[in-house]
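A.B. asks: Below is the structure I would like to discuss, written out as structure tokens.
Rule-based calculations on the coordinates, nothing more; no lab input. This one's a predicted model, so the numbers in the text were calculated from it and none came from an experiment. For neighbour counting, all protein chains shown are included, and Cβ atoms are generated from backbone atoms with ideal geometry for every residue, glycine included.
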């Protein structure tokens with residue numbers, strides 16, 4: 001309860017939470033406010049924002065409603081960001097837990113693999129994965145998750161290293177608990193909080209990665225994604241710059257909200273560090 | 001000498017990592033739909049099966065996967081990255097041609113981010129929780145959340161389209177042939193916006209780390225001692241605090257080298273710079289898998305060399321590291 005109180009005492013964390021809830025509300029209400037397909041033609045192309053009450057944010061180069069695409073784009077960004085984060089954190093926990101708990105050659109092999117993933121620029125690996133497996137919503141989400149796991153793995157490993165020789169673990173060993181029980185039931189719950197907080201960083205980066213991929217037209221072209229819209233707007237950048245500008249602000253706000261919430265959680269859960 | 005051998009040992013340790021990456025990506029690319037010959041045939045406008053067969057034999061693509069991998073690694077040891085059928089040149093040549101803009105861009109962005117991150121971080125930590133700190137920290141958060149490609153596009157709209165101060169893209173003006181200092185200035189003008197665009201997110205990261213690191217070091221005993229000796233505040237900061245606070249920043253350069261290289265893929269595409277990142281993008285679109293694998297190799301090599309330099313710098317900043325070796 002203390003942590004909740006501490007969270008709401010920080011104005012930045014509250015602003016972040018409000019922004020995040022706003023984006024989630026957009027994602028939920030997209031179908032209600034814009035029942036038509038957001039990628040269907042809606043009107044004249046390139047209507048400026050606020051000039052036609054039917055299209056509050058104007059239309060893009062082919063006459064599709066920008067506001068509808070922004071609302072549906074919130075779904076895609078949150079979906080890809082969220083699922084990719086879950087994938088990255090799960091792989092990270094699995095690798096980090098085994099490496100940290102067993103040590104020795106298991107640790108060596110797993111850390112070598114982690115190092116290999118960290119040496120290769122993650123966007124280059126993302127390009128390779130998209131080149132191999134194609135760019136549908138599913139493959140892009142999995143690919144973003146697969147390139148993001150090394151950092152959470154290292155974090156989990158560090159936590160496990162510091163926890164594995166504690167008394168409660170030794171007590172569990174004496175009681176004859178199996179390794180899996182010890183890892184999942186005893187150590188993991190204690191190692192989890194910093195990893196969960198770090199998930200906000202993973203999610204922020206995942207949203208940025210997907211939007212960059214979409215901007216390069218290497219993500220799924222059949223969904224209304226903010227990155228796709230920025231890429232389209234690039235063709236009319238000289239005059240109708242708003243086509244690119246609006247979805248960019250949406251990405252900025254979402255990533256900002258996720259980072260603020262993450263920072264707020266971090267400060268609330270580690271009160272000692274907050275005074276700085 | 002100690003420093004060199006220490007960093008050298010770390011360098012040697014990264015060779016297995018490099019091979020792991022290459023083998024992994026090589027096997028991954030085997031799963032890709034279509035191979036070099038398919039891409040080549042598509043460019044020639046199609047052809048019969050016999051031609052394809054002959055071409056596969058010519059490129060060694062008819063062998064088993066382990067044999068192909070062995071071949072590739074054997075060629076690689078002799079710095080032969082294979083042949084790009086799309087560009088009609090050896091992959092090594094193609095990559096070398098594209099390397100200078102990327103290295104230039106990365107160096108410029110890193111210097112920009114490092115320098116301003118340091119300055120802003122110090123300013124923020126000096127006025128902690130007062131308005132300069134709040135302003136700088138807020139800006140840092142916003143920069144961190146800004147998608148680089150979007151910032152690049154908006155910068156083009158403002159500085160190239162409306163104000164017409166800077167060129168919207170390209171590496172140099174190809175309309176006029178320039179030499180000497182004019183060419184340098186021309187390239188510099190072309191690199192201003194890409195540098196800002198790529199450096200922005202790193203500026204945000206550096207200033208945050210620098211601020212935290214300064215605050216941490218400012219609380220240590222030796223700083224109190226320095227103040228007790230009667231040193232003035234500027235002296236304490238520049239001579240005593242800064243050097244120690246710089247360590248995490250230097251570590252970060254090594255950690256972020258890969259991210260920066262990945263970021264240059266996007267930034268080079270926005271500003272149509274003929275660099276390595278754009279080559280990576282083009283080779284994905286054109287299914288030039290040989291070149292893609294070569295880029296994977298070269299980018300891993302770049303990241304490893306940056307980390308080597310960081311190791312050296314690190315030992316220089318903190319003599320204890322070399323001594324413990």
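A.B. asks: Where the centroid of each part is defined by its Cα atoms, how far is the range B:208-273 from the range A:230-265 in Å?
C.D. replies: 29
A.B. asks: I'd like the orientation of helix B:65-77 relative to chain B: the angle between its Cα long axis and the longest Cα principal axis, in ° from 0 to 90, rounded to 10.
C.D. replies: The angle comes out at about 60 degrees.
A.B. asks: Which angle between 0 and 90 degrees, to the nearest 10, do you get for helix A:122-133 versus the longest principal axis of chain A when only C-alpha atoms count?
C.D. replies: Computed tilt is about 70 degrees.
A.B. asks: Turning to a different aspect of this structure: Just to check, using Stokes-Einstein with a Kirkwood Rh over alpha carbon pairs, what's the diffusion coefficient of the protein assembly as shown at 25 °C and 0.890 mPa s in µm²/s?
C.D. replies: Answer, rounded: 93 µm²/s.
A.B. asks: Would you please report the Å³ per residue occupied by the convex hull of the alpha carbon atoms in the range B:199-284?
C.D. replies: 98
A.B. asks: For chain A, take the longest principal axis of its alpha carbons; what is the angle in degrees between that and the long axis of helix A:188-215, to the nearest 10 within 0 to 90?
C.D. replies: 30
A.B. asks: Right, here's the next one. I'd like the distance separating the alpha-carbon centroids of the range A:138-185 and the range A:62-83, in whole Å.
C.D. replies: Taking the Cα centre of each part, the range A:138-185 and the range A:62-83 sit 35 Å apart.
A.B. asks: Where the Cα atoms of chain B are projected onto their three principal axes, how long is each span, largest first, in whole Å?
C.D. replies: Sorted largest first, the three principal extents are 85, 55, 38 Å.
A.B. asks: To continue, here is another question. Kindly put A:141, B:179, B:107 in sequence by how many other C-beta atoms sit within 10 Å of each C-beta, fewest to most.
C.D. replies: B:179, B:107, A:141
A.B. asks: Once R0 is set to 51 Å, what does the formula 1/(1 + (r/R0)^6) return for the Cβ-Cβ distance between residue B:103 and residue A:5, expressed as a FRET efficiency to the nearest 0.05?
C.D. replies: Here the calculated transfer efficiency is 0.50.
A.B. asks: Can you work out the base-10 log of I(q)/I(0) for the range B:97-287 at q = 0.08, 0.18 1/Å, using the Debye formula on its C-alpha atoms alone?
C.D. replies: The computed values of log10 I(q)/I(0) come out as -0.33, -1.14.
A.B. asks: In addition: For n ≥ 4 DSSP H runs only, could you compute -39500 (n - 2.57) per run for the protein assembly as shown, divide by its residues and tell me the 222 nm figure to the nearest 500?
C.D. replies: After summing the helix terms and dividing by the residues of the protein assembly as shown, the value is -24500 deg cm²/dmol.
A.B. asks: Moving to a separate point now. Just counting partner chain Cβ atoms within 10 Å, what average do the residues of peptide A:226-234 show around their Cβ?
C.D. replies: What the average comes to for A:226-234 is 2.
A.B. asks: Under 37 °C and 0.692 mPa s, how fast does chain A diffuse according to Stokes-Einstein, given a Kirkwood radius computed over C-alpha pairs? Answer in µm²/s, whole number.
C.D. replies: Approximately 159 µm²/s, per Stokes-Einstein.
A.B. asks: If you don't mind, there's one more thing I want to ask. What's the ranking of B:310-319, A:120-129, A:177-186 by average number of surrounding C-beta atoms within 10 Å, highest first?
C.D. replies: The most tightly packed comes first, giving A:120-129, B:310-319, A:177-186.
A.B. asks: So, in nm, how far is label residue B:192 from label residue B:44 when the simple model puts each one 7 Å beyond its Cα toward the Cβ?
C.D. replies: 4.9
A.B. asks: So how do A:89, B:23 line up by other beta-carbon neighbours within 10 Å, fewest first?
C.D. replies: With the fewest neighbours first, A:89, B:23 line up as B:23, A:89.
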